[in-house]
1. Can you list the residues of region A:383-418 whose accessible area drops by at least 10 Å² going from the chain on its own to the full set of protein chains, with a 1.4 Å probe?
2. Give me the extension gain from residue B:60 to residue B:317: residue separation times 0.36 nm, minus the current Cα-Cα distance, reported in nm with one decimal.
3. Select from region A:1-73 those chymotrypsin sites (Phe, Trp or Tyr not before Pro) which occupy a DSSP coil region and have at most 12 other Cβ atoms within 10 Å, ordered by residue number.
4. Under 5 Å between amide H atoms, partner at least 5 residues away or on a different chain: which partners does residue A:278 have, H built in plane at 1.01 Å?
5. For residue A:249, go 7 angstrom from Cα along the Cα-to-Cβ vector, then report the distances to that same point in the other copies in nm, smallest first.
6. Please check region B:245-275 for residues whose accessible area, probe 1.4 Å, is lower by 10 Å² or more when all protein chains are in place than in their chain alone.
7. Tell me the accessible surface of residue A:273 in square angstrom (1.4 angstrom probe, heavy atoms of protein chains only), to the nearest ten.
8. Can you give me the relative contact order of region A:7-136 as a percent, contacts being Cα pairs under 8 Å and 6 or more apart?
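The values are calculated or read from the model by the stated rules, or taken from the named source; none is laboratory data. In this text the structure is predicted, and so the values were computed from the model without any measurement. Backbone-built Cβ (ideal geometry, glycine too); neighbour counts: all protein chains shown. These accessible areas exclude ligands, DNA and RNA; they are computed on the full protein's heavy atoms, side chains included. Shrake-Rupley method; radii C 1.70, N 1.55, O 1.52, S 1.80 Å.
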2 protein chains.
Amino acid sequence: MTYTAPLRDIAFVLHDVLAVQDSAIPGYAELDRDTTAAILAEAGRIASDVLAPLNPVGDREGCRLENGVVRTPAGFREAFALMRDGGWPALDCDPEYGGQGLPYVFSTAVGETHAAANIAFIMYQALTHGAYTAIHAHGSPGQKATYLPNLVSCRWTGTMNLTEPHCGTDLGLLRTKAEPQDDGSFRITGQKIFISAGDHDLAENIVHLVLARIAGAPSGTRGISLFIVPKVLPNPDGSLGARNAVAAGKVEEKMGIHGNATCVMNYDGATGWLIGEENRGLAAMFTMMNEARIGVALQGLSQAEAAYQRAAAYARERQQGRAMPAPAFPGQPADPLIVHPDVRRLLLDQKAFVEGARAFLYWAASLVDAHGRGGDAEALALVSLLTPVVKGFLTDKGFEATVAAQQVFGGHGYIEETGISQLVRDARIAQIYEGANGVQALDLVGRKLGADGGKPIMAFFALVRSFIRENEADAALKADFLDPLKAASKDLQAAAEFFLQNLKDPNAALAGSTDFLHLFGHVALGYMWARMARAANTDDAFHAAKRATGRYYMARLLPATALHLARITSGAEPVMSLPAEAF
Amino acid sequence: MTYTAPLRDIAFVLHDVLAVQDSAIPGYAELDRDTTAAILAEAGRIASDVLAPLNPVGDREGCRLENGVVRTPAGFREAFALMRDGGWPALDCDPEYGGQGLPYVFSTAVGETHAAANIAFIMYQALTHGAYTAIHAHGSPGQKATYLPNLVSCRWTGTMNLTEPHCGTDLGLLRTKAEPQDDGSFRITGQKIFISAGDHDLAENIVHLVLARIAGAPSGTRGISLFIVPKVLPNPDGSLGARNAVAAGKVEEKMGIHGNATCVMNYDGATGWLIGEENRGLAAMFTMMNEARIGVALQGLSQAEAAYQRAAAYARERQQGRAMPAPAFPGQPADPLIVHPDVRRLLLDQKAFVEGARAFLYWAASLVDAHGRGGDAEALALVSLLTPVVKGFLTDKGFEATVAAQQVFGGHGYIEETGISQLVRDARIAQIYEGANGVQALDLVGRKLGADGGKPIMAFFALVRSFIRENEADAALKADFLDPLKAASKDLQAAAEFFLQNLKDPNAALAGSTDFLHLFGHVALGYMWARMARAANTDDAFHAAKRATGRYYMARLLPATALHLARITSGAEPVMSLPAEAF
């Protein structure tokens, strides 16, 4: 697979749109143009030269369970060591434990390039980062000392164990048991499924974070605790001791991300230690949810970018048919595909999405920093509102973008050799894991929208309104960007008001929840495009292309808000009236 | 895989909506309720008991090229023999050559059940039927006598050889050569790719229909001729003679339909015979295009139906979460998924599409009969207009429906074991082959819309208008169905008028071509739902469910017409302004 990190696009968002170098968020001043450019160029080089060539290898070979040990595809070990030695997985980790302490927004930009090149590979790191975050937030000083340096260095990797065969979204049903032992540890027994990076041969130990129910705890979600269950038990001196009673029982065969080992994990009285408070395991998991979900949103964006690059290159090279009304290259046997309006439509759907999504994603990441580094509580409230939108919208539209890219290739897109099918298959998972997108919509409408009396969404509307007001004097910006943004934003307000007026019937809101998420996503990208158009204010070809791509978004994609509003205001009846047995 | 033929839904469309038994089309009177029910029940039994269990086998095993011969998956030979012996592939073939002479609309209904159960398997038959149709329409009496009985009986199968490595859509570029021989035959030399059912072990001979250029013929599409090139040369007495110089060079690894052998076919001076007129090969191919494309539309519908059935069953069984505002089954640990509005939305998106699509597809098939059996030239004009719509819309939305079905399964949908991933991967091809959907849109807007001064689309509008007028007295039908249909139909008319007003700029129409196809598809399904709602006029639960599903279509899906119109009227500028190098 070929992939080239879109360095100029990334720098444009970081420096010209978000102006990270001028931000008051602690640590952002270090993100000057030269520093970010140097690091991103190196990140992009690794993506192109190391990770992208391994992507089809991982897809073809997959992971194999052999004699109780999972083997990753050829080359993954070496690449993992290279990434670890370069400190890439620890860019934004705490320097106290060996991290580089860079802002999350910047590790997000670096992560985009790596995830675009090889999502299956990057998941081993991503889960490790998740375990790091959980232990950093909730671990005891001893737990931090034992685990964090090893997770930061990726000498050990991490996993998240939530799902069981009979419970995914509804974690209140979970059955894995934790029995307290005299030494303060717990014996963990149960089966977990769909455990990404559950076992592998990339690291000397794996730190499983496991949700389980302590004997005697309340049923439902209020009786769930979080445990650290290492694959190999560390000795008091930090060296590795005995093998714990946890093992992969199966590696799943999946539609995509074959290079990542998705395991059934069996806990047979494994030794674990409580992390955080008893019965507060779910809350502990939720503290890292924004970051985890933004991380999955990044997968949607990155697979779309990778697919778009391939499709655009193919459309410029492949000669087929003729431009209308006259040939573009009369001396050639045919014109390149890119002369055809419908091929351009397919490409622009991808390009306008990807560039808008990048800005939205980085903005959300900068809000995480504003809270995490700057203590800004309003930023936390806003990013908590935006997180289900960025996760749901970027993974839904990211998948659609890969499908559109595949369509550009015609029959060649359906052949595995071309590599586009893998991007489609890999992108599909992001709509499902870390909370299926329907759950994101439920979270958005059922929880985030009404949080704190609706203040976070009011804050969002205020940002959009003040941006429009500040820039209305620019006639071109107004006509092409601000007016469509205003109309779309009104649709979003009307939808929110419809939910408010129908509070008595929760199903009226829930029936429109996914439409609301998509409506919100469009307004967010419309807002981002307006900001990008203002920043792209020179005659430079790059800036001109930004404005043209943005005009496409505003004219052709943003009008979807009216359709989503129409669906929302049709209410619960069309969705709820059919009896279950009539399906 | 499990699949149950939706016999009642099929009968409803055939008898209550299209009223085939009362039609004046020759042969339709034989399609009384009892006859169709008996045959369809048997077809459905084979689909459930024979073809569906082979579907995952075909996906897992794929086809292998071994010593120059392609091996199909285990069980395919036996199932093919069973289908052949039952006469299923020849339901609508000419009785003169051993067919059963039933109407095309009925073989379409039977075909839906078989394609839903195993699309990769059914493609071996479908290509054979295509070869039968071409030879039946264009073959000499001798060619008909030699080939048709063997194709009808499926002792021999057929293929269509159009694509070459450097040309797919743009067939004018094709290079395969045909050199005339003294005995009236031709020596065919060249490489064809993406040849479905190109080689296999299911039949004793394979009849390749090959587009090639006779030495000295004009360049471009006016120099292409059609040839019959059998794998094994038939002796004058009809027995099989020498092996011809054609062989599969490779079996492609594809995203889906693994059970069908997609081959690179090498012609090394193979013996072939001209079929039809010299240099009129493309026209000969196009005579069977409506049927071939309706056949692919059927794949979109059938994969959606198969996926929907699985998703609905899962949503009724899987317990996860609680209904709002109160539990539906307080005695159970959780409620079934189907209580959740957003799960219902996913299911209703599929159900409302599938049922509307079935009516649209069967209607189109009945128009083929009205022309083919009844000599109705207006029916031919109308179905020629509708064919790109039914192909493009049913395969695009059919794919989306399988993705929605997969989403209902959450993480379980991403695991190959569940079987839903296969339906997604298999459905994807239908958007690509037999003219990628962008080519369908081009055909619709560039050719069919303006055909005969626009008479065909006027005929479509007249049908919709008169249906509305005839039924306006029914207040419920008017409010729920006729008014939304009228609004959607106006959007379609406005789009057509926009194209007329911008005739000077062909790119203004082409930039909106796919949107126009989808707009048209929605209006067609809206029209079908209005007709179904009128036919579903009792208090019977089946009829009540039809009306409720139809109301969902009209309230939640049909409003997409306004979005498509908005995109269309944004014109060429957003699509054409970005220079090729800026992509």
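1. In region A:383-418, residues shielded by partner chains: A:399, A:403, A:406, A:407, A:410, A:411, A:412, A:414, A:415, A:416, A:417.
2. This chain segment gains 89.8 nm when fully extended.
3. none
4. none
5. 5.0
6. B:250, B:252, B:253, B:254, B:255
7. About 80 Å², ignoring ligands and nucleic acids.
8. Details: 111 pairs, mean separation 30.4, N = 130.
Computed value for region A:7-136: 23 percent relative contact order.
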